[in-house]
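**Student:** Have a look at this one before I ask anything.
The values are calculated or read from the model by the stated rules, or taken from the named source; none is laboratory data. Just so we're clear, the structure is a prediction, and the values are computed from it rather than from any experiment. Reconstructed Cβ throughout: ideal geometry from the backbone, glycine too, with neighbour counts over all protein chains shown. Each accessible area value is taken on the protein alone, full model and side chains, heavy atoms only, with ligands, DNA and RNA left out. Shrake-Rupley method; radii C 1.70, N 1.55, O 1.52, S 1.80 Å.
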Amino acid sequence: MEIIKPGTKIDFIGRRQMAYGFSAILILLSLVSLIYHGGPKYGIDFAGGTIVQIQCTEETRISDIRAGLDAVGMGDATVQRFGAEAKGEYLIRTDQSLITGEGFSEEVRSAVADATGMDVVVERVEMVGPQVGADLREKALLALFYALLFITIYISGRFELKWVLSGVMAAALIGAVYLFSLFGVSIPLLIVVALAVALIMFWQLRLKFAMGAIVALMHDVFITIGVFSVAGIEFSLPIVAALLTIIGYSLNDTIVVFDRIRENINKHARKPLETVINQSINETLSRTIMTSVTTLIVLICLFLLGGAIIHDFALAMIIGVVVGTYSSIYVSSPTLLVLQEAPGKGAAEAMGQA
């Protein structure tokens, strides 16, 4: 099925400066928000704390529930409606890592029942200690870092047949991350430095496709985290799962465009790279639009109808799919052109062979 007529010549690359400006604004807003809020707003999964989900016989006032929680030392807890209001379900969150033995549920149930005058059922209690939360946070960041790193090895091997070179570079980065972690350097700082070093190495080694892919993936992940920061949404384990899924989705889109660029570079060796990239994006545009639209339809249904548990995951995926589609056209492909135009030994010949 073709929704874009063959021979269409939309000048995407000609508008790349505008796209760079748009991306820069989004990244700047994300950065400002993250600095202002002191980093992502970590959920209980990563910051530690306790979640209690209760169900009352009918909807009640949150102030009554809070009064009951005061009686059991949880006066600082936040209380939110959960699910349909008619069900009388509420989610109670506190930063305290409480001892949640058998008596805890009964204590909360009894206190809230006395305060509201209703029958109350404690449906679940989850507690994560501060150290466990910190460990989970570090492992989640490492998972994102290694996902990005191994993707670049795959891209370099597939498009440039530089498996050994990219493998050696990845092994060196993994070794450096492990070595510095032994000296107590924080994982977030370590990963930021490692990604910066990886970009410099890609640039120097002229691993153009790998550089285009990782720049786009970092762009997508950072903007998604930034939107969550601006909206004040908590960063939890399902969001990490969504970010890893976004990386996979965005990469798939990028690979389709890169494949066509590589084919067209070989077919039209005399054409300027700008023309070849434009032609390749236009030729894959139908596939890109259809894939993104059908995926978004599913995600919007999950967001609207999937319930509170999956709500944030679906939102992260919606943002990621939109940003990932945009980046595969306006970030990853133009990066090839940036590398060609940059001064340096072998820049021109680097683009002459794919």
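**Student:** For region 128-271, with every protein chain kept in place, what is the accessible area per residue (1.4 Å probe, Å²)?
**Tutor:** Values: 6430 Å² over 144 residues.
Averaged over the residues of region 128-271, the accessible area is 45 Å².
**Student:** Within the chain, what's the longest run with no trypsin sites (Lys or Arg not before Pro) in a DSSP loop and at most 12 other beta-carbon atoms within 10 Å? Give the range, please. Mind dumping the intermediate values first?
**Tutor:** Values: sites that count: LYS9, ARG61, ARG270, LYS345.
With trypsin sites (Lys or Arg not before Pro) excluded where exposed in loops, the chain gives 62-269 as its longest stretch.
**Student:** Which net charge results for the neighbourhood of ALA71, defined as the other residues with beta-carbon distances under 11 angstrom from its beta-carbon, given Lys and Arg at +1 and Asp and Glu at -1? Could the numbers behind the result be given before it?
**Tutor:** Numbers: positive: ARG66; negative: ASP70, GLU107, ASP114.
Surrounding charge for ALA71 is -2.
**Student:** Is the chain rounded, prolate or oblate when judged by the Cα gyration tensor, a ≥ b ≥ c being the square roots of its eigenvalues, rounded requiring a/c under 1.5 and prolate requiring a/b larger than b/c? It would help to have the intermediate numbers written out before the result.
**Tutor:** Details: a/c = 3.24, a/b = 1.96, b/c = 1.66.
It comes out prolate by the Cα gyration axes.
**Student:** Carbon and sulfur atoms: what percent of the 1.4 Å accessible area of the chain do they account for?
**Tutor:** Values: 11240 of 17490 Å².
On the chain, the fraction of accessible area on carbon and sulfur atoms equals 64 percent.
**Student:** Find the relative contact order for the chain and round it to a whole percent, using C-alpha pairs within less than 8 Å whose residues are 6+ positions apart. Walk me through the intermediate numbers first.
**Tutor:** Working: 475 pairs, mean separation 80.6, N = 354.
With pairs under 8 Å counted, the relative contact order is 23 percent.
**Student:** Which longest uninterrupted range of the chain lacks any GluC sites (Glu not before Pro) assigned by DSSP to a loop state (not H, G, I, E or B) and surrounded by at most 13 other Cβ atoms within 10 Å? List each step's numbers first, then the result.
**Tutor:** Values: sites that count: GLU2, GLU58.
Answer - 59-354.
**Student:** Pull out a ≥ b ≥ c, the square roots of the eigenvalues of the alpha-carbon gyration tensor of region 174-262, then state rounded if a/c is under 1.5, prolate if not and a/b is larger than b/c, and oblate in the remaining case. Write down the numbers at each step before the final one.
**Tutor:** Details: a/c = 2.27, a/b = 1.09, b/c = 2.09.
Cα axes put region 174-262 in the oblate bin.
**Student:** To continue, here is another question. GNM on the chain, C-alpha springs below 10 Å: top fluctuator among GLY38, GLY324, GLY307?
**Tutor:** GLY38
**Student:** Still on this model: Which of the helices in the chain meet the span-like rule: DSSP H, Cα axial reach of 18 Å or more, Kyte-Doolittle mean at least 1.0?
**Tutor:** Values: long enough: 16-36 (29 Å, 1.50); 102-116 (22 Å, -0.31); 130-160 (45 Å, 0.73); 163-182 (29 Å, 1.98); 187-205 (26 Å, 2.59); 208-231 (35 Å, 1.69); 237-267 (45 Å, 0.70); 285-305 (30 Å, 2.05); 308-330 (33 Å, 1.59).
Going by DSSP H runs, the hits are 16-36, 163-182, 187-205, 208-231, 285-305, 308-330.
**Student:** Let me ask another. What is the distance in Å between the Cα centres of region 142-186 and region 272-295?
**Tutor:** 29
**Student:** Let a ≥ b ≥ c be the square roots of the eigenvalues of the Cα gyration tensor of region 143-299; is it rounded (a/c under 1.5), or, if not, prolate (a/b larger than b/c) or oblate?
**Tutor:** Here region 143-299 falls in the oblate category.
**Student:** How much net charge surrounds PHE258 when only the other residues with a Cβ under 11 Å from the Cβ of PHE258 are counted, with Lys and Arg +1 and Asp and Glu -1? The partial results should precede the final answer.
**Tutor:** Numbers: positive: ARG158, LYS208, ARG260, ARG262; negative: GLU160, ASP253, ASP259, GLU263.
Here the charged neighbours net out to 0.
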